[in-house]
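Undergrad: After the structure tokens below, expect a handful of questions from me.
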Amino acid sequence: MSELRRPLLKTDLPGPKTAKIMARSDRYLSPSYTIDFPLVAADGKGCWITDPDGNEFLDVCAGIAVTSTGHCHPEVVAAIQEQAARLVHMSGTDFYYPVQAQLSHKLATLGAVKGDDHRVYFGNSGAEAVEAAIKLARWKTGRSGLISFFNAFHGRTLGALSLTASKVIQKKGFGPLIPGVHNAYYPDPLRHGDEATAKAMASLHTMFERVIAPSEVAAIFCEPLQGEGGYIVPPTRFLQELRALCDEHGIMLVFDEVQAGMGRTGRMFAWQHSGVKPDILCLAKGIASGMPLGAIVARAEVMSWPPGSHASTFGGNPVSCAAALKTIELLEGGLIENSEARGVQLRELLQSSVSGHPRVAEIRGHGLMTAVELVTDRTSLKRDKQLRNDLVGRCFSKGLLILGCGQNSIRFSPALTISADEITVATEIFAEALYELAPA
Ligand code: PLP
């Protein structure tokens, strides 16, 4: 049997070359960025990152759930190179070009949203997809009200930020944000069990009784698996009731699958776990394996805004479209199945290695969108942010790149190409780090 590949640390962290680059970045980069550990990524291949000092790290963050086909997948690199040599930019808002036509056709025929005959709008990022969805929902309904959920992250541009209700630092000092936005409670199955759906729906009903008439609400924005909020899997019944509520009041149901979409959860779209379809779907992150691209999909009857009403110079850039077409080919060619299978393996290994630990409250997720929630004890379920942060740092010191999500959870969001052996090594390091930090 061959030896499993493990992280290889040749220097203290950060090593000398790494430290130099960090110092330069710290001197010149905006201090608004959030750097969790002293990594400088010099090269990436699959699930492995090498730093400038030659240290090799196993990466289960994938550039925050973006490099769906792994770092520098050779077929994606070839598609990018070929397109870059042919046409880098033309502006899809004013001109036709083949790859944008191909990609819009592909995305419009995946059954992404409710109804038939779908249309696609391209932007450059998740936030831009959310902005486009806000504008489309308002334009289509003639209403201005918007609802999103507590703990949700929808992006940092002013419209998307208005929906975001994740951390106050993201909003502090930037107001006034767009008016007409209200927040409801997302289900919390860990703490509310069978009552989770009822509690979340009650907050919406209260809102409609006391805060805003449903007839003034353009859209409800919901992540069918909440990402930055902690990788929370809502009950199927919640999504079904949300759909029914939207149908009853003529409200657009927008699913933000910027993080959960494109195979990450073991299905092309995360809503497929429930069968509940949105009116508008937001996509970005994993769609183009790391090239900047965002998209929204809606049925033609919804996306009927006139020429000039919305556009973006770089949106649907040819190189990004070529990367997305190759990414989707690879997803359909086996990576979605791998995401499902490796996700099952991951949760089984976490169950056997850490579920008995008294500070682990829950292991949850679908596919390769899986989290471990950490608490001070299992009776109070008090969130243990410190342990989470320490664990991220300890994993890094052992060569495992992993990030937190929510206040007190750790997320596994590796490339969908990850192998069974890499999952084994990642969970071994994770368990070792946890038991070192908090001996049970
Ligand atoms: N929506 C969700 C669900 C996200 O997770 C994110 C980013 O983490 C965004 C929107 C914003 O995406 P971007 O950072 O590409 O603007």
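Undergrad: Given 4 °C and 1.567 mPa s, how large is the Stokes-Einstein diffusion coefficient of the stretch 210-300 in µm²/s, with Rh as the Kirkwood radius over Cα pairs?
TA: This corresponds to a translational diffusion coefficient of 94 µm²/s.
Undergrad: Taking R0 as 41 Å, what FRET efficiency do you get between Leu158 and Glu3 from their Cβ-Cβ distance, rounded to the nearest 0.05?
TA: The computed FRET efficiency comes out at 0.20.
Undergrad: Accessible surface of Thr376 in the full protein assembly, 1.4 angstrom probe, to the nearest 10 Å²?
TA: Near enough 50 Å² of accessible area.
Undergrad: Just to be sure I understand: of the beta bridges DSSP finds with both ends in the chain, what percent are antiparallel, rounded to 5?
TA: Bridges in the chain are about 65 percent antiparallel.
Undergrad: Now a separate question. Please give, to one decimal in nm, the separation of the simple spin-label points placed at Gln170 and Thr11, each 7 Å out from Cα toward the Cβ.
TA: Simple spin-label model gives 3.4 nm for this pair.
Undergrad: At 1.002 mPa s and 20 °C, plugging the Kirkwood radius over alpha-carbon pairs of the stretch 347-440 into Stokes-Einstein gives what diffusion coefficient in µm²/s?
TA: 163 µm²/s
Undergrad: Continuing with the same structure: Using a 1.4 angstrom probe, figure out how much accessible area the stretch 75-330 has per residue, in square angstrom, rounded to the nearest whole.
TA: About 40 Å² of surface per residue is accessible.
Undergrad: Between Gln345 and Ala202, how many nm apart are label points set 7 Å from Cα along the C-beta direction?
TA: For Gln345 paired with Ala202, the spin-label model returns 4.3 nm.
Undergrad: Is there a pair in Lys17/Lys167; Lys45/Lys114; Lys114/Lys199; Lys167/Lys199; Lys17/Lys398; Lys45/Lys398 whose C-alpha atoms are over 30 Å apart, and which pairs would that be?
TA: Correct reply: Lys17/Lys167; Lys45/Lys114.
Undergrad: Another question about this same structure. For Lys17, what accessible area in Å² do you get when you roll a 1.4 Å probe over the heavy atoms of the protein chains, rounding to the nearest 10?
TA: The accessible area comes out at roughly 120 Å².
Undergrad: Once you compute Rg and the Kirkwood Rh from C-alpha atoms, what is the Rg to Rh ratio for the stretch 152-268?
TA: So for the stretch 152-268, dividing Rg by the Kirkwood Rh gives 0.95.
Undergrad: OK, next. Under 10 °C and 1.306 mPa s, how fast does the stretch 75-330 diffuse according to Stokes-Einstein, given a Kirkwood radius computed over C-alpha pairs? Answer in µm²/s, whole number.
TA: 86 µm²/s
Undergrad: From largest accessible area down, sort Val302, Val88; use a 1.4 Å probe on the protein chains.
TA: My answer, sorted largest first, is Val88, Val302.
Undergrad: Below 13 angstrom from the Cβ of Val360, what's the summed charge of the other residues (Lys, Arg +1; Asp, Glu -1)?
TA: +2
Undergrad: Per the 1.4 Å probe, what fraction of the accessible area of the stretch 75-330, in percent, lies on carbon and sulfur atoms?
TA: The computed percentage sits at 55.
Undergrad: Sticking with this one: Considering just Cα atoms, how many Å³ per residue does the convex hull of the chain enclose?
TA: Once divided by residue count, the hull of the chain is 151 Å³.
Undergrad: Counting only heavy atoms of protein chains, what accessible area per residue, in Å², does the stretch 371-416 have with a probe of 1.4 Å?
TA: Ligands and nucleic acids excluded, the figure is 33 Å² per residue.
Undergrad: Which of these, Thr11, Thr69, Thr236, has the largest mean-square fluctuation under a Gaussian network model of the chain (Cα springs below 10 Å)?
TA: In the Gaussian network model the winner is Thr11.
Undergrad: Let me have the relative contact order for the chain, percent, based on Cα pairs under 8 Å that are six or more residues apart.
TA: Computed value for the chain: 22 percent relative contact order.
Undergrad: Also: What ranking of His105, His366 comes out by heavy-atom accessible area, probe 1.4 Å, highest first?
TA: His105, His366
The values are calculated or read from the model by the stated rules, or taken from the named source; none is laboratory data. Here the structure is a predicted model, which is why all the values come from computation and not from measurement. So basically every Cβ, Gly included, is an ideal-geometry build from the backbone, and we count neighbours across all protein chains shown. Heads up: the accessible areas ignore ligands, DNA and RNA and are worked out on the full protein's heavy atoms, side chains in. Shrake-Rupley method; radii C 1.70, N 1.55, O 1.52, S 1.80 Å.
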